[in-house]
Structures are given as C-alpha cells and as structure tokens.
Amino acid sequence: MKIGMIKATGPFERVVHWCVALSCLLLCFTGMGMMYHSLNGLGTMVGGMANLKTIHNFGGIFFAISLVFTIGMWWKEAGLFSFPEDWQWIIAGGGYLWHVENMPEVGKYNPGQKMFFLVVALFGAIMVASGLIIWFPFSFAVSLVRMMYVLHALGFVIIFAFFFVHLYLVTIGAPGSAPAMFTGWVTKAWVKKQHPKWLKEMEEDGTLVVYGEEKCSKKGRC
Amino acid sequence: MKKELVKLIDLSRCTACRGCQVACKQWNELPAKRTKNFGSYQNPPDLQWNTWTLIRFQEHEKKNGKVNWLFRKDGCMHCTDAACIKVCPTGALYHTEFGSVSMHADKCIGCKACITACPFSVPKYNADTNKIAKCDLCYTRLQVNQPPACVLSCPTGALQIGAKDAMIKKAYARAEELGGDANVYGDKFVDGTHVVYILPERADVYEHLPVDPKVPLEIIIWKDVLKPAGLLAAGAVVAGCFLHYITHGPKTPDDETTCEGGNKS
Ligand code: HEM
Ligand code: SF4
Ligand code: SF4
Ligand code: SF4
C-alpha cells in the first residue's frame, strides 16, 4: 500500500458488493442462456439446461440475500438525494457527458451512482419477486404468472444495460475507482476529483483514514 | 416438406365411448391413475400428464328447455402460432413437418413456461420426471403414414385426419349440413390450428373452450418485444460507452502523482 492512500470502503462493504455483483452477473448470463436459444450452449457448459435453470434459481436466492445486505448497507448513503448539489450535478451531466469547469461537489455517492443503486434495488426486488413466482407458477393465478414473465424480462433488459454503464465507469471511464472494490484504498486525487464533498466531510468529521497516518484530528489537515 | 395435416373432430358424431382416450393411453404407454367420482361420467376431471386426450361431458339446456349431453374431445390443438413453442427456453417443443407440435422430452427442463402460456391449458406437468407431457398428434405414426391412435380407434367416424385444405373444406360442408348453430372451430385463430372441431353448438356453450383464443399479450411483449430489446439495449450501451471513451475520454483525477509518492502535504 502506498503512503497517503485514502480508505474508501471497508471489508464488509466490499464482500457484500462482490456478492451482489457476481450473483447478478451469474443470473444475467444463466438467464440469457434460457432467453436466447442461440445461447443454449451456456446450458451445455454446465451439463444441460436443467442445471442452468437450477443454478439460476438458487443463484437467485443468493442474490436475494445479498440484495438485502446491499440495501441495508447503502440506502442511507446512496438511496437518498441531497439537494441542491445533486440536482446541479445531474444538470451538468456529472461532468461525464461534456467537460464542465466547476462541477458541483457531491458526497460519497454521486447522483448517477445513486440512480444506479436505486435501479438495482428496485429492479432487483422485482426480479426476486417475479423470479420466485415463475419458479412456482402453480401457486399463483395464471394471469399473474404471465405478468411476472414480462416483469422478469423487463428487469433483465434494464439491469443488464445499466450493468455495462457501471462496468465502464468504474474501469476505464473513471480510472482509479476499481481499487475501492479490491483493496479499499484509493488515491486522494481520485477522491478529490470524484467525491470532493465527501473528502471535506471526512476531513471535518475526522473520519478520514490515510494510509501510514494516524486518524486525522478534528478539523486537522491530513 | 410433407403436407400440413389436420385432425378433424366432428362432435356431432361423438358418442363419448372414450375409445380415443383409451387408445391414446395404450399407444403412448400412459398409466392410469386412481381418480375420485365427482358426479360426472367424465373421468379424469381434467387433462393430466398421463391423459393427453379426454372426453369432456357437459349437460346443456337448449333454448327449448330440453337438456342434452355435450361431448368434447379435449387435447392439444397443435397451433400454428403456438404460444408453447414461443416460450420454451430449450427448444423442447417444436413444429413438425406436418404442422403439429411435438416435443423432445429429453430437452424439457420442467420450467412450466408452456403451461403458463398455452391458451388452451394443455401441457401438464409430471413431478416424477420434472417434464411436461401432451398430445404430439402421434408423430411417430404420422411419420410412417399411419393415422393417430385415437383416430384409428374411433368407431363412429367423429375423428379423421387428412390434408389441411381438404379437412377444412369438409368441416365447413359438414357444419352447413348440420345447420343451426353448428360451426367450425380452429381455422381462424392462432394462424390456424391443426386440430379442428365441428361444433354442433356455439363455441361459448362449451366448457373450458376459449371463444377467442390467442397467444396471450404478455407472452408477445415478453418474447417479441423485450427479448430483442435486451440485446439492443446492451449493444447500444456498449457502443455508447465506447463512443464516450473515444470522443470525450475518461474522467481522470487531476493529480496523477499521488500513486507515486503519496499526497502528503
Ligand atoms: C439480477 C437478477 C436476475 C436476472 C438478471 C435474471 C434474468 C433472467 C432471465 C434473462 C431469464 C430468462 C427469461 C426468458 O426466458 O425470457 C430468467 C428466467 C428465470 N428466472 Fe431470473 N433473473 C434474475 C433473478 C432471479 C431470481 C432472484 C429468481 C428466483 C429466485 C429467478 C428465477 C427465474 C426463473 C424461475 C426463470 C424461468 C426460467 C424459464 O422459465 O425460462 N430469477 N431470469
Ligand atoms: S394448444 Fe397449447 S400446447 Fe397445444 S400447440 Fe397450442 S399452445 Fe401449444
Ligand atoms: S416445461 Fe419443458 S416443454 Fe414446457 S416450456 Fe419448459 S422446457 Fe419447454
Ligand atoms: S393424436 Fe395420438 S397422442 Fe394425440 S390424442 Fe390422439 S392418440 Fe393421443
């Protein structure tokens, strides 16, 4: 670890994040194996389509549990917008869509991330509910099960598309983000660029953890 | 490609002997199951994984106050626009060269999507095998130019099989001959079924017979809209990300030296 790196995430946060991300990806791909006949080969890889469905269904339960932890862990930080800076950030397109000189400063999660969180939370819950109903269709009215198939497919379209945006931004779109998912330590320059208000808040609250340093004293400089 | 076939069921000739029901079980080696008497000659109460065709018994009061007995041979309609094929994730259900809907049982994963989709409530689930089962219009018999077992067994001529056009023509001629409310059922929806009824009464008189069957709207939205939309959306997003990267570029931290010596001030 390099001296001066800043702690962005804790181990629990990273484990939950990986659980929900990997199970969501697993569900996307096993689901696609069932949705598109041309991808039935994904079933062959696991010994047949019946196994693919089993993996999808029990993977779904794992996803559901991970989702509960994800929502519990993040809803306060990522589920609530704080005005007016979040609104200004949205108007400025986060500085991603075009170059903006004075970006409004946002906290630990920017409104784009908040929207992604809300979409995953909402559609994740929809996927779990609709998935369970189409798993056990005899326990429900046919008209309901038919609607659940529509919801399950719609949720897939949205989650799958959003996932790529997320993946792009945390890798090559906003370099420096990925270490938050691996070691949990990010560079100060990255925090300053992406989450300046969060940096200030941490500095003021004395919660900023810098590698190789004692915790910052209240109002102290790091 | 062989000619499309249609099984014609003339209900005016059916005496409910249930020869077809038994012949179907015999040919397809389907076991019988103990059932409960529910106050009707009809047995079993519904189609089952082990009962692919069933004579439904129904008491019907005519307009003149007289009661008559209606019999209907129920089973797969072998739709052209078949909801069950549309939803099957594995390709277990498929159209044969005769236009009938057959099944590769080894491919079925018991997901029950076809049960949810079928407008005629035909496919039935077998929990022991974790597969569905239904009439396949005796595909192996058709392949060797034999009529389906049920057709062969029918003593009254209520069941026939033949080229689609000829059968439909015959159906209309017979309906006209019968007169009254008699009508042809099957050629006008789901792009035409490969089982066609001559109904002596109006379709809405018969129990468990949908008057206007179609592939459910939900199934169309799911399979014809959202399924392609999934690929389109993902493709558009990936393309968009790439374009963003090469036209606008990443959002990079201002101070790149941090990684090197730290950022202690
Ligand atoms: C991120 C979450 C999820 C994604 C992206 C996802 C994706 C998919 C997709 C693409 C399909 C194929 C639909 C089709 O054939 O058109 C599918 C089917 C299915 N999913 Fe999910 N799913 C998710 C969560 C769940 C959960 C939580 C459960 C249940 C515990 C579940 C149960 C099922 C079942 C039973 C099917 C039906 C298979 C079939 O009938 O073909 N899914 N899913
Ligand atoms: S009646 Fe049902 S099971 Fe038979 S072909 Fe039509 S949709 Fe499929
Ligand atoms: S239950 Fe079997 S036949 Fe029916 S849709 Fe699923 S895999 Fe296909
Ligand atoms: S066509 Fe064959 S499988 Fe279908 S009901 Fe008749 S005997 Fe049974």
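When the residues of region B:102-154 are narrowed to those that are among the acidic types (Asp, Glu) and farther than 19 Å from B:Gly186 by Cα, which ends up nearest to ligand 3 (Cβ to nearest atom)?
Across region B:102-154, the extreme among qualifying residues is B:Asp106.
Would you call B:Ala105 within 26 Å of B:Leu199 (Cα to Cα), within 16 Å of ligand 4 (Cβ to nearest atom) and either in the same structural domain as B:Phe189 (by TED's automatic domain parsing) or open to solvent by 10 Å² or more (accessible area, probe 1.4 Å) (or both)?
No: the conditions fail for B:Ala105.
Exactly one of (1) at the interface with chain B (Cβ under 10 Å from one of its Cβ atoms); (2) over 18 Å from the mean Cα position of the chain (by Cα) is unmet by A:Gly155. Its number?
Looking at each condition in turn, A:Gly155 falls short on (2).
Just a yes or no: is a residue in region B:178-191 part of a helix (DSSP H, G or I) and not acidic (Asp, Glu)?
Checked against the condition, which is being part of a helix (DSSP H, G or I) and not acidic (Asp, Glu), region B:178-191 yields at least one hit.
Which residues, taken from region A:34-43, are surrounded by 15 or more Cβ atoms within 10 Å (Cβ to Cβ) and more than 8 Å from every other protein chain (Cβ to nearest Cβ)? Can you show your working first?
Within region A:34-43, the subset surrounded by 15 or more Cβ atoms within 10 Å (Cβ to Cβ) is A:34-36, A:39-40, A:42-43.
Within region A:34-43, A:Leu39, A:Leu42 qualify.
Taking B:Cys88, is it within 16 Å of ligand 1 (Cβ to nearest atom) and open to solvent by 20 Å² or more (accessible area, probe 1.4 Å)?
no
Say we look at region A:2-36 and pick out the residues that are in contact (Cβ under 8 Å) with a residue 60 or more places away in the chain and small (Gly, Ala, Ser); which of these is nearest to ligand 3 (Cβ to nearest atom)?
A:Gly31
So which of B:Cys118, B:Cys88, B:Cys108 ends up being within 14 Å of chain A (Cβ to nearest Cβ), over 18 Å from B:Glu201 (Cβ atoms) and in contact with a strand residue (DSSP E or B) (Cβ under 7 Å, 6 or more places away or on another chain)?
Being within 14 Å of chain A (Cβ to nearest Cβ), over 18 Å from B:Glu201 (Cβ atoms) and in contact with a strand residue (DSSP E or B) (Cβ under 7 Å, 6 or more places away or on another chain) holds for just one of B:Cys118, B:Cys88, B:Cys108, which is B:Cys108.
Can you name every residue in region B:159-175 that is without any contact (Cβ under 8 Å) to a residue 40 or more places away in the chain, charged (D, E, K, R) and buried (at least 16 other Cβ atoms within 10 Å of the Cβ)?
Listed by number, the list is empty, since nothing qualifies.
Can you list residue pairs whose Cβ atoms sit under 6 Å apart, with the first residue in region A:44-72 being within 14 Å of chain B (Cβ to nearest Cβ) and without any contact (Cβ under 8 Å) to a residue 12 or more places away in the chain and the second being away from ligand 4 (no atom under 16 Å from the Cβ) and not in a helix (DSSP H, G or I)? Count only pairs 6 or more apart in sequence or on different chains.
A:Ala50/B:Ile109
Which pairs turn up if I take residues in region A:187-207 that are more than 11 Å from every other protein chain (Cβ to nearest Cβ) and closer than 19 Å to A:Ile3 by Cβ and look for partners that are surrounded by 15 or more Cβ atoms within 10 Å (Cβ to Cβ) and β-branched (Val, Ile, Thr) with beta carbon separation below 6 Å, at least 6 apart in sequence or on another chain?
What qualifies is A:Leu199/A:Val191.
Hey, does region A:91-109 have a residue that's part of a helix (DSSP H, G or I), free of Cβ contacts under 8 Å to residues at least 24 places away in the same chain and not small (Gly, Ala, Ser)?
Let us first name the residues in region A:91-109 that are part of a helix (DSSP H, G or I), namely A:91, A:93-95.
The next check asks that each one be free of Cβ contacts under 8 Å to residues at least 24 places away in the same chain; those that pass are A:91, A:93-95.
Remaining after also requiring not small (Gly, Ala, Ser): A:91.
Yes.
Yes/no matrix, rows are residues, columns are (1) more than 11 Å from chain A (Cβ to nearest Cβ); (2) within 16 Å of ligand 2 (Cβ to nearest atom); (3) part of a strand (DSSP E or B); (4) out of contact with any helix residue (DSSP H, G or I) (no Cβ under 8 Å at 6 or more places or on another chain):
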position: B:Lys170; (1), (2), (3), (4): yes, no, no, yes
position: B:Asp204; (1), (2), (3), (4): yes, no, no, yes
position: B:Leu209; (1), (2), (3), (4): yes, yes, no, no
position: B:Asp212; (1), (2), (3), (4): yes, yes, no, yes
position: B:Lys227; (1), (2), (3), (4): no, no, no, no
position: B:Leu232; (1), (2), (3), (4): no, no, no, yes
position: B:Val238; (1), (2), (3), (4): no, no, no, no
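The values are calculated or read from the model by the stated rules, or taken from the named source; none is laboratory data. No experiment lies behind these values; they were computed from the predicted model shown. We place every Cβ from the backbone using ideal geometry, glycine too, and count neighbours over all the protein chains shown. Surface areas here come from the heavy atoms of the whole protein model, side chains and all, with no ligands, DNA or RNA. Shrake-Rupley method; radii C 1.70, N 1.55, O 1.52, S 1.80 Å.
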